[in-house]
Structures are given as C-alpha cells and as structure tokens.
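Everything on this sheet refers to the single structure shown next.
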Amino acid sequence: MESFSVYIIPVVICIIIVFGLVKRVPLFDTFIAGAKEGFQSSVSILPSLVGLIMAVTMLSASGALELFTDLVAPVADFLGFPAQVLPLALLRPISGSGSTAVLTEIFQNYGADGFIGRVASVMMGSTETTFYAIAVYFGSVGIKKTRHAIPAALMADTTGYIMSVLAVNLFFR
Amino acid sequence: MLNVIWAVMILISFVCAVFTGRMPQLSEAVMTGAGNAVELVIGTLGMMCAWTGFMKIADAGGLTAVLCKVFHPLLKHLFPDYQAGSSALKAISMNMAANFLGLGNAATPLGIAAMKEMQKENPHPSVANNSMVMFVVINTASIQLIPTFMGALRAQYGAQFPFDILPAVWLASIVSLIVGIIVAKLLQGRKKEHRLR
C-alpha cells in the first residue's frame, strides 16, 4: 500500500505545476498568494482550537473519556466498532475544531499509525462538519424547513463511520 | 449548540476528577491543552500554506473550470430540475469542483451562490425543495481528493506515511456519498410542490 500512496502527493503536485506552466500562470507569485490564504485561515482557527483542545484534554485528564469508552465498549465491541473513536463520531458532525481536538487526543493516546489512529483518521477525512454546512447553506437563503436533509446527511455520516472501520481492515490487515 | 457542549465538557471533567482523584492532572491539563493547540497550529501551518499555495496555482490554471466541465454532465442527473448549462447547475458544478480540490474558502461562497440560484425558482421560499436538499446533503459528505489538514495532523503526530490512508478515505467517502444521495432520493417523496419540473 505504501508504495502507491507515497506517489499520490508528489504526482498531484507535479500535475498542478505542469498544468500551471502550460497555462502560463505566474507560478511562484500565485503560490505565495495561496499560501497567504492558508496562513490566514490556519491562524484564524487558533482561538477555537485553544478552547476545544483545552476542554478535550481536561476530559481526558479527568478520566471522563476513559469512563465513557469503558461504558460504551460492550455495545461498540458487539458492533465491531472501536469504542475509543466514538467521541470523535459524536463531535464530528457538530464541530470541526472540536473533532480536531478529539482526533489529536486519539493520536496522543493510541498513535497515528495504530488501528484506532487510522480508523479515526479515515473518519475525519471522509466526513464533513454536517450541521455547519446545513446551517450555512439553508441559512443563506432563509430556508426554515430543511425536510429530509438532516436524516439523509446523518445516514451518510453513519455510513462513513462504518466504512472507516471496514476500509482500514481492508487496506491494512 | 457548541456553547453548551463546551461548558458540559469542562464541568464533567471537574466532577469526574473529584471522584477519580485526578485533580492535579486536570489542573495541569488546562495549561498543556491550551499550549497544545498553539503547537498544533504551528506544526501544521507549513503544510497548510504549501497546499493552499499549490491549489491556488491549480485554480489559476483553470483546473477548477476543467473539473466543473467533468462534473456538469454527472450533476444533471442528480438535479433534474435544472437543464445543462443553466446558471444554477453551473454554480453547483463550481462548488463541487472547489470542494473536490479542497478549496474551502472558495467552495462556501460558490455554494451560497448555488443556493441563491435555486431559491429564485423555489415555489415555497421557506421550504427546501428536492434540489436544495440534494445539494446540501452532497456538501455534508466529504468529496475532497486530498484531506490536507488531516494529513498534516497525522504528520505532526508521527505517522510514518501520513497519506497512506488515502485509499481508505476515498473508499469511505464514496460509499457514504452514494448512501447520502440514495437516502435523499428515497426520502424526497413524490409531492409535486417540491420539484420544478
């Protein structure tokens, strides 16, 4: 798997560069302009990350996360789902910074390359902040009745979580 | 909602620490947690800048426009209310292309533009029509080709090959997207008032 995956990023970057060359884009200037945007949006999430990482670190230090994991473990095990990633599944649709905070806690406790770390990574990468998207898009045009949007979106999220476990098992065992 | 969740997390921590006797650790966590957030942003900053830089080149070179053309015929089937080439379908395609490349800053304004286009012909302005629901459901699923931030986080926490999980991410994304689309189609019902034609 590694041999294929290590090619993805360099190949994508080269395609972008060649594409830019052909289209005569001022490459470095454009890169700088984009990097500036990335810098600003990274820095702008800092305050919410401080608040949420602090709260999740507190939950973990107090033993509350362990307690929760132990409580749901029997049900999660029965479903073949690692209990340690459940806090991530709960927070993921609600808050981007909150789920980032939980993900870093998972990486710290179980490593990024372990089974749990990988499942958490795939969950994070294959889903979005569902309620944020719903609020922004429907709110922007004053829609009050969202009809079946929330059930359909949450079904998709749940599928993403189940598929994360299956896909990690498929590609890494 | 986050206001309540955040407060509850902190209060639960305190109550839990009283019972487990981990008050010293909790006290320490307040400081390390806040510091960790700064370390995290600094640690991932380089990667985030580099990636948004490359994506800006892709966008300026017209890659978004190319993707838009690729997506357009596919989207026609998901949004039967709009004909190929209509301004609503164009806005939808642009939003999907930006999402695919991970241009979050561009995707949201394009998505709002798409919603405004769809709202123009909406018979009940406060009720979502089928196309709007489909559009939002697709936007709540991740269709990002390379989830950069997640990769940067994995690198920060010592993953040997931070992007080795990409095939697994793609598989999980595509299956959840398909399920979202199918469920949205199944739940939309047959009422005529929610569609345009």
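Computed from the coordinates by the stated procedures, all read-outs in this text should not be read as laboratory data. Note that the structure is a prediction, hence the values are computed from the model and not measured. Here the Cβ positions follow ideal geometry from the backbone for every residue, glycine too, while neighbour counts run over all protein chains shown.
Results, tabulated for the structure shown:
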quantity: Where Rh is the Kirkwood radius over Cα pairs, Rg/Rh for the protein assembly as shown; calculated: 0.98
quantity: Dipole moment magnitude, nearest 20 debye, chain B about Cα centre, only Lys, Arg, Asp, Glu C-beta charged; calculated: 820 debye
quantity: Hull-based mean projected area of the range A:46-172, where the convex hull spans the alpha carbons, in square nanometres; calculated: 8.8 nm²
quantity: Solution diffusion estimate, µm²/s, Stokes-Einstein, the range B:98-197, Kirkwood Rh from C-alpha pairs, 10 °C, viscosity 1.306 mPa s; calculated: 102 µm²/s
quantity: Per-q log10 I(q)/I(0), chain B, q = 0.07, 0.10 Å⁻¹ (Debye; single scatterer per alpha-carbon; no solvent); calculated: -0.32, -0.61
quantity: Mean separation of Cα contacts under 8 Å, 6 or more apart, over the residue count of the range B:45-194: relative contact order %; calculated: 22 percent
quantity: B:Arg154, B:Arg190, A:Arg147 arranged by Cβ crowding within 10 Å, fewest neighbours leading; calculated: B:Arg190, A:Arg147, B:Arg154
quantity: Given charges at Cβ of Lys, Arg, Asp, Glu: the protein assembly as shown dipole, positive-most of B:Ser173, B:Ser86, B:Trp51; calculated: B:Ser86
quantity: Cβ charges +1 (Lys, Arg) and -1 (Asp, Glu), total dipole of the range A:62-173, debye; calculated: 520 debye
quantity: Only Lys, Arg (+1) and Asp, Glu (-1) charged, at Cβ; the protein assembly as shown dipole about Cα centre in debye; calculated: 1560 debye
quantity: Leading residue at positive end of dipole, the range A:46-172 (Cβ point charges), from A:Ile134, A:Leu79, A:Thr146; calculated: A:Thr146
quantity: Within a Gaussian network of chain B (alpha carbon springs, distance under 10 Å), most fluctuating of B:Leu187, B:Leu26, B:Leu103; calculated: B:Leu26
quantity: Residue exposure sequence - A:Phe31, A:Phe171 - by fewest surrounding Cβ within 10 Å; calculated: A:Phe171, A:Phe31
quantity: Alpha-carbon Rg with Dmax, taken over the range A:1-44, Å; calculated: 13.6, 36
quantity: Listed residues A:Ala152, A:Ala35, A:Ala133, most fluctuating in chain A (Gaussian network, C-alpha, under 10 Å); calculated: A:Ala35
quantity: Tilt relative to chain A, helix A:46-61 - C-alpha long axis, 0 to 90 degrees, to 10; calculated: 30 degrees
quantity: Of the DSSP H helices in chain B, those whose Cα atoms cover at least 20 Å axially and whose Kyte score averages -0.5 or more; calculated: B:2-20, B:23-60, B:63-78, B:87-101, B:104-120, B:166-187
quantity: For B:Lys191, B:Lys90, order by how many other beta-carbon atoms lie within 10 Å, fewest first; calculated: B:Lys191, B:Lys90
